[in-house]
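Since the structure comes first, as structure tokens, the remarks are kept for the end.
The values are calculated or read from the model by the stated rules, or taken from the named source; none is laboratory data. Since we're looking at a predicted model, the values are computed, not measured. FYI the Cβ positions are ideal-geometry reconstructions off the backbone, even for glycines, and counts take in every protein chain you see. These area figures cover heavy atoms from the full protein model, side chains too; ligands, DNA and RNA do not enter into them. Shrake-Rupley method; radii C 1.70, N 1.55, O 1.52, S 1.80 Å.
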Amino acid sequence: MAAPMVQGSSGGCALLVVQGVRCGVWRGWRTASTACRHARDTGSLLWEGVVGLEVHAQINSASKLFSSSQVKFAAPPNSTVSFFDASLPGTLPAGYQITQQRLPIAVNGLLTYRYPTGKKLNDMVTKCVRIKQIQLEQDSGKSLHDDSRRQTLIDLNRAGIGLMEVVMEPDMTCGEEAAAAVRELQLILQSLGTSLANMSEGQLRVDANISVHHPGEPYGVRTEVKNINSARFLARAIDYEMKRQIEILNSGGVILNETRAFDYKLGATIPMRDKEGKQDYRFMPEPNLPPLILYDTKTLPNNVDANQVINIDLIKEMLPELPSVTRERLVDEYGILPEHSFVLVNEDGLKDYFETVVRMTRVDPKKIIGWVIKDLLGYLRQENLTIKQSMITPASLAELVTLLENRVISSSAAQQVFQELCKGVKRTPTQIVKEKNLGLLDRRQLEDICQKIVDEHNVEVAAIRQGNLKVLNKLIGLVQKASKGRTDPALVKTILEEKVLS
């Protein structure tokens with residue numbers, strides 16, 4: 001690749017086989033256990049999905065490409081438009097979209113991505129997609145159709161905003177794969193700072209080219225689903241469109257080469273316009289723009305003005321830590337599992353939260369990761385909150401895991417404190433422990449409770465003394481209940497054994 005806009009690990013992109021079924025092949029209308037969970041059967045015929053993507057990422061810039069107009073999300077219509085942006089007479093060049101389509105800034109790239117294939121977190125698969133090219137271009141204005149008044153309004157706020165278009169080859173086979181690839185690209189762009197890549201604000205939009213065919217046969221007629229602004233909607237749109245095409249073909253119909261949109265409320269794609277005729281985009285050279293020249297250190301000519309060329313090697317030296325490198329570092333530095341590092345990096349803000357907690361306590365990071373991924377993230381997803389909206393600060397979680405590590409509280413008491421923190425209480429974990437009397441009982445108090453349980457359960461004691469040691473677990477549970485969880489299970493077991501078996 002000629003420029004370091006995307007980066008993935010090297011290696012081939014092997015055909016994925018899970019339980020003997022190729023990813024993206026339909027076998028029936030029953031769900032099969034494949035990487036994309038979409039294997040279905042339509043009699044003796046097999047269908048395979050093909051997906052290619054065009055991703056438009058808004059360049060992180062305060063102004064537009066060729067004017068000083070401000071780039072501002074949700075600004076009032078036509079409030080950030082210069083004469084040039086509006087293509088008024090006398091402004092040159094204007095009146096058409098400027099693009100690097102014929103001479104892209106980068107070609108022949110590779111993006112490696114991972115995604116889960118089952119219910120368990122460690123059921124992950126690694127795949128890759130070829131990147132045909134990356135080009136710079138202008139964004140266009142927006143048409144707003146008012147059907148009730150039968151009129152169309154134009155908002156030119158986006159006209160002239162700089163975009164990176166990343167063209168991916170048709171190497172993907174289902175919606176889940178495509179969503180994973182887009183998410184990885186999003187993380188890379190955000191790490192580099194080249195794009196904020198906020199899909200909800202239109203800073204990252206995806207066009208998906210989708211077709212189905214019988215394995216071993218030429219690709220089928222493709223449809224294009226335009227302007228998808230959510231990874232989740234992207235997956236749903238692709239999977240719906242594949243299902244729609246298969247149903248048409250199985251009933252003897254023909255797939256139209258058309259552009260469609262995804263209606264997230266209906267969960268379906270709807271037609272926009274046909275693409276049967278070859279479109280003439282009338283590309284022409286732009287005389288007012290000088291060529292953009294890229295070199296590396298080995299090929300950099302002598303006696304050239306540094307302001308006239310871009311040295312790729314210098315850019316590489318300034319690259320920040322990219323997501324794939326971050327995941328490896330987290331595993332090496334903290335001893336966590338690869339699937340845990342995947343979640344930390346892919347959930348916005350979760351990595352920083354985890355590392356902040358680690359810095360604020362001496363507790364083993366491997367003990368902290370469960371609290372962050374299972375408890376904290378589970379709570380946030382249940383409440384539909386982001387990391388920034390979390391009621392539990394890194395300092396509070398660090399204090400909680402420290403109390404547990406220092407045997408001030410039991411694991412069950414720690415959960416009670418966690419639930420209190422989720423309510424947004426203005427007290428520290430230590431204060432909650434004190435107020436609710438959740439501290440561990442001392443050994444004398446614990447021995448009194450154990451003795452009482454032993455005295456009240458002669459049958460169970462007799463069974464244990466006759467060799468049925470599994471019954472001991474029942475007594476441990478009774479002690480835990482009587483103490484309201486304010487005990488160390490290991491110490492309870494030791495005391496009970498001393499009283500029953502000695």
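Taking the listed residues S410, S483, the one that is among the small types (G, A, S), closer than 30 Å to L376 by Cβ, open to solvent by less than 40 Å² (accessible area, probe 1.4 Å) and touching a helix residue (DSSP H, G or I) at 6+ places or on another chain (Cβ under 6 Å) is S483, with no other qualifying. Taking region 463-502 only, how many residues are closer than 22 Å to R407 by Cα and basic (K, R)? Result for region 463-502: 4.
Here's the yes/no breakdown for (1) modelled with pLDDT of 95 or more; (2) within 22 Å of C128 (Cβ to Cβ); (3) open to solvent by less than 20 Å² (accessible area, probe 1.4 Å):
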| site | (1), (2), (3) |
| --- | --- |
| E169 | yes, yes, no |
| I188 | yes, yes, yes |
| V221 | yes, no, no |
| K226 | yes, no, no |
| R236 | yes, no, no |
| R260 | yes, no, yes |
| A268 | yes, no, yes |
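Condition first: of a type in the set (S, T, Y) and without any contact (Cβ under 8 Å) to a residue 40 or more places away in the chain. Can you find one or more residues in region 394-407 that meet it? Yes, some residue in region 394-407 is of a type in the set (S, T, Y) and without any contact (Cβ under 8 Å) to a residue 40 or more places away in the chain. On inspection, R427 does not qualify as open to solvent by 30 Å² or more (accessible area, probe 1.4 Å), in contact (Cβ under 8 Å) with a residue 60 or more places away in the chain, outside any helix (DSSP H, G or I) and of a type in the set (D, E, K, R).
The set of residues in region 438-450 being under 41 Å from the mean Cα position of the chain (by Cα) and open to solvent by 30 Å² or more (accessible area, probe 1.4 Å) consists of L440 alone. The single condition among (1) farther than 26 Å from S412 by Cα; (2) open to solvent by 30 Å² or more (accessible area, probe 1.4 Å); (3) modelled with pLDDT of 95 or more that D313 does not meet is (3). For region 310-319, the criterion of being polar (S, T, N, Q) and within 25 Å of L103 (Cα to Cα) is met by at least one residue. Selection within region 121-147: residues that are under 17 Å from the mean Cα position of the chain (by Cα) and not aliphatic (A, V, I, L, M). The member of this set that is nearest to G162 (Cα to Cα) is C128. For region 80-98, a residue qualifies if it is open to solvent by less than 70 Å² (accessible area, probe 1.4 Å) and either among the small types (G, A, S) or touching a residue at least 40 places away in the same chain (Cβ under 8 Å) (or both), and the qualifying residues are T80, V81, S82, F84, D85, A86, S87, P93, A94, G95, I98. Taking first residues from region 290-305 that are assigned to a loop (DSSP other than H, G, I, E, B) and partners that are at pLDDT 80 or above and among the charged types (D, E, K, R), the Cβ contacts under 7 Å between residues at least 6 apart in sequence or on separate chains come to D296/D313; T297/D313. With the condition kept exactly as written, say whether any residue in region 367-385 is free of Cβ contacts under 8 Å to residues at least 24 places away in the same chain, more than 19 Å from L185 (Cα to Cα) and in a loop (DSSP other than H, G, I, E, B). The answer is yes; a qualifying residue exists. Only one of the numbered conditions (1) over 23 Å from D207 (Cα atoms); (2) open to solvent by 60 Å² or more (accessible area, probe 1.4 Å) is not met by K132, and that is (1).
Out of the residues in region 205-219 that are more than 20 Å from D239 (Cβ to Cβ) and not charged (D, E, K, R), which is most open to solvent (accessible area, probe 1.4 Å)? Taking the candidates together, the pick is P218.
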